[in-house]
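Notes follow once the structure below has been shown.
The values are calculated or read from the model by the stated rules, or taken from the named source; none is laboratory data. A quick note: this is a predicted structure, and the numbers were derived from the prediction, not measured. Because the Cβ atoms are built from the backbone with ideal geometry, glycine has one as well, and the counts that use them run over all protein chains shown. Surface areas here come from the heavy atoms of the whole protein model, side chains and all, with no ligands, DNA or RNA. Shrake-Rupley method; radii C 1.70, N 1.55, O 1.52, S 1.80 Å.
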Amino acid sequence: KAGVTQTPRYLIKTRGQQVTLSCSPISGHRSVSWYQQTPGQGLQFLFEYFSETQRNKGNFPGRFSGRQFSNSRSEMNVSTLELGDSALYLCASSLRASGGSSSYEQYFGPGTRLTVT
Amino acid sequence: SQQGEEDPQALSIQEGENATMNCSYKTSINNLQWYRQNSGRGLVHLILIRSNEREKHSGRLRVTLDTSKKSSSLLITASRAADTASYFCATAREIAGGYNKLIFGAGTRLAVHP
């Protein structure tokens, strides 16, 4: 099976612009989660989607949004970019959605490295 | 604050030696997972241990879980240069609505020297 793919792999944007990142999960996986990774804050959870519905959201401002399509592909959007949004954005897919205190193995894509200048 | 906290933050060893990384967490969990990340790339799932398990093996990896101490350890035996990476533990934290999010610790940077 093909792994999780993310496009683009690298992106350079200017402050104030917006950006859309794309993630294609492993075939058959219906849950997609997004994470932001920075040297200072580490890996932080952004949101999780399952069956086109946002199930979970991390502590990020409303400038960060996402969606999932019927084929489970997901996109995340960041509007009005700030310098602090420079990070590696990781997408992960899972066969099942999280529930209760359970979590399942997540399969990560290679990430999109976003640089905001 | 992060659910999982790894120590040490960095570990440098020679090939062939064993590497032990520890993870502590704060709330009750259903399972704990370990991931590896090679420099600036995506994470790779290594092993998942459930709360009713005490030890789990996968190849050269051995994971232990002590729920009474809220801690876990990852042991890599007979390390190789290719094991050089950052290792993260992750736990699920239940939030409102019955859902949860996977929370990662800060990671341990392991360097294995030939």
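Would you say A:Gly40 is out of contact with any Ser or Thr (no Cβ under 8 Å at 6 or more places or on another chain) and open to solvent by less than 10 Å² (accessible area, probe 1.4 Å)?
In short, no.
Restricting to region B:23-74, name every residue that is over 23 Å from B:Leu110 (Cβ atoms) and among the aliphatic types (A, V, I, L, M).
B:Ile29 - this is the single residue of region B:23-74 that is over 23 Å from B:Leu110 (Cβ atoms) and among the aliphatic types (A, V, I, L, M).
Could you identify the single residue in B:Glu55, B:Glu5 that is within 25 Å of A:Ser94 (Cβ to Cβ) and under 12 Å from the mean Cα position of the chain (by Cα)?
After applying the criteria, what remains is B:Glu5.
So, in region B:20-68, exactly how many residues are β-branched (Val, Ile, Thr) and within 10 Å of chain A (Cβ to nearest Cβ)?
4
Is it true that A:Gly66 is without any contact (Cβ under 8 Å) to a residue 40 or more places away in the chain and open to solvent by less than 60 Å² (accessible area, probe 1.4 Å)?
For A:Gly66, the condition - without any contact (Cβ under 8 Å) to a residue 40 or more places away in the chain and open to solvent by less than 60 Å² (accessible area, probe 1.4 Å) - is met.
Can you name the residue in region B:97-106 that is within 7 Å of chain A (Cβ to nearest Cβ) and open to solvent by less than 10 Å² (accessible area, probe 1.4 Å) and is also modelled with the lowest pLDDT among such residues?
Among residues in region B:97-106 that are within 7 Å of chain A (Cβ to nearest Cβ) and open to solvent by less than 10 Å² (accessible area, probe 1.4 Å), the one modelled with the lowest pLDDT is B:Asn100.
Can you list residue pairs whose Cβ atoms sit under 6 Å apart, with the first residue in region B:71-93 being at pLDDT 95 or above and the second being part of a helix (DSSP H, G or I)? Count only pairs 6 or more apart in sequence or on different chains.
B:Ile76/B:Asp83
Would you check which residues across region A:1-53 are of a type in the set (Gly, Ala, Ser), outside any loop (DSSP other than H, G, I, E, B), over 14 Å from A:Gly84 (Cα atoms) and within 12 Å of chain B (Cβ to nearest Cβ) and list them?
Across region A:1-53, the qualifying residues are A:Ser31, A:Ser33.
List the strands (runs of 3 or more DSSP E) that sit entirely inside region B:1-96 and contain at least 3 residues that are open to solvent by less than 40 Å² (accessible area, probe 1.4 Å).
B:19-24, B:31-37, B:43-50, B:61-66, B:71-76, B:85-94
Sort through A:Phe69, A:Phe47 and tell me the only one that's of a type outside the set (Val, Ile, Thr) and within 22 Å of B:Gly105 (Cα to Cα).
A:Phe47
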